[in-house]
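Chemist: Shown below is the structure under consideration.
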Amino acid sequence: MHILVVEDEPKISRFICRGLKEAGYAVTPAFDGEEGRFLSDSHDFDLILLDLMLPKLDGVNVCKEIRKHGRAVPIIMLTAKDSIHDRVLGLDSGANDYLTKPFAFEELLARIRSQLRTPAQVSPNHLQVGPFHMDLLRHVATENDHIIDLSSKEFSVFAYFMRKPNEVITRTELAEHVWDLHFEPNTNVIDVTLTHLRKKLTSPAYLETIRGRGYRLRSQC
Ligand code: CA
């Protein structure tokens, strides 16, 4: 899952980006409203964290621009003041949720998981496909109740497949959503990661290679 963080305060931006990376997300920072709007237009992010007070273009206007183009990406607005006026303004401009600074990082992560929940998910913290289960909160993946020992990147890749069972996921899609904007498309890092991931599964047949197209996680074998 790839998150755009639009925040002009370098210290806060670094803090958020580092925490999100540790939680397994791919992260791209933007430092003013114009940059945020440009990046959100040119790239398919899974979620946008948007500061309200920004240079060049404020959060409300960035949000309105994104919605004007019909993009349904979840947007969580970060506001410095907890005034009803700011909250209403943010939600009216098309944000899905808001969070008042300063916030506990755990709460930010919970709000993000809640926004990224797919309709089929019972809880925002758990994914279940076939014999596989992922606890996103505790960062634990299991196959028939046995723990699969995944690296942070493998966990992110597997979670992406778990959210889209039986769908063919192309390498381009994986690069966009699991790696970040500086990803070098001509390397074989995706195939290598998938090979490692598959070796860790007791039933690797669930994770199919679709020749010339990409990969697919089956819900049945
Ligand atoms: Ca700001």
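The values are calculated or read from the model by the stated rules, or taken from the named source; none is laboratory data. Worth saying up front: this structure is predicted, and the values here are computed from it rather than measured. Counting neighbours? That spans all protein chains shown, and the Cβs are built from the backbone with ideal geometry, glycine included. Remember, those area values only see protein heavy atoms, side chains included, never the ligands or the DNA or RNA. Shrake-Rupley method; radii C 1.70, N 1.55, O 1.52, S 1.80 Å.
Chemist: For the condition in contact with a Lys or Arg (Cβ under 7 Å, 6 or more places away or on another chain) and either part of a loop (DSSP other than H, G, I, E, B) or closer than 19 Å to Ala23 by Cα (or both), what is the one hit in Leu108, Leu57?
Modeler: Answer to the selection: Leu57.
Chemist: Separate question: So which strands (runs of 3 or more DSSP E) stay within segment 112-187 end to end and still have 1 or more residues that are in contact with a helix residue (DSSP H, G or I) (Cβ under 7 Å, 6 or more places away or on another chain), modelled with pLDDT of 90 or more and hydrophobic (A, V, I, L, M, F, W, C)? I'd like the intermediate steps shown before the answer.
Modeler: On the way: elements: 126-129, 132-135, 140-143, 146-148, 168-170.
Because the criterion is at least 1 residues that are in contact with a helix residue (DSSP H, G or I) (Cβ under 7 Å, 6 or more places away or on another chain), modelled with pLDDT of 90 or more and hydrophobic (A, V, I, L, M, F, W, C), the strands (runs of 3 or more DSSP E) in segment 112-187 that meet it are 126-129, 132-135, 140-143, 168-170.
Chemist: Right, something else. Inspect segment 69-92 for any residue being more than 16 Å from the ligand (Cβ to nearest atom), over 26 Å from Lys153 (Cβ atoms), small (Gly, Ala, Ser) and modelled with pLDDT under 95 and give the result as yes or no.
Modeler: Yes, there is a match, as at least one residue in segment 69-92 is more than 16 Å from the ligand (Cβ to nearest atom), over 26 Å from Lys153 (Cβ atoms), small (Gly, Ala, Ser) and modelled with pLDDT under 95.
Chemist: Go through (1) within 16 Å of the ligand (Cβ to nearest atom); (2) surrounded by 18 or more Cβ atoms within 10 Å (Cβ to Cβ) one by one and return the number of the condition Leu47 breaks.
Modeler: In the conditions (1) within 16 Å of the ligand (Cβ to nearest atom); (2) surrounded by 18 or more Cβ atoms within 10 Å (Cβ to Cβ), Leu47 misses (1) alone.
Chemist: Does Ala175 satisfy the condition of being out of contact with any strand residue (DSSP E or B) (no Cβ under 9 Å at 6 or more places or on another chain), open to solvent by less than 30 Å² (accessible area, probe 1.4 Å) and not assigned by TED's automatic domain parsing to the domain that holds Asp41?
Modeler: Values: out of contact with any strand residue (DSSP E or B) (no Cβ under 9 Å at 6 or more places or on another chain): yes; open to solvent by less than 30 Å² (accessible area, probe 1.4 Å): yes; not assigned by TED's automatic domain parsing to the domain that holds Asp41: yes.
Yes, satisfied.
Chemist: For segment 178-191, how many residues meet the condition of being open to solvent by 60 Å² or more (accessible area, probe 1.4 Å) and either of a type in the set (A, V, I, L, M, F, W, C) or more than 30 Å from Pro29 (Cα to Cα) (or both)? It would help to see each step written out before you state the result.
Modeler: Step one: list which residues in segment 178-191 are open to solvent by 60 Å² or more (accessible area, probe 1.4 Å), which gives 181-182, 184-188.
Then drop every residue that is not either of a type in the set (A, V, I, L, M, F, W, C) or more than 30 Å from Pro29 (Cα to Cα) (or both), which leaves 181.
Qualifying residue count for the region: 1.
Chemist: Within segment 195-221, which residues are closer than 19 Å to Ser156 by Cβ, of a type outside the set (Ser, Thr, Tyr) and open to solvent by less than 40 Å² (accessible area, probe 1.4 Å)?
Modeler: Leu197, Leu201, Leu207, Gly214, Leu217
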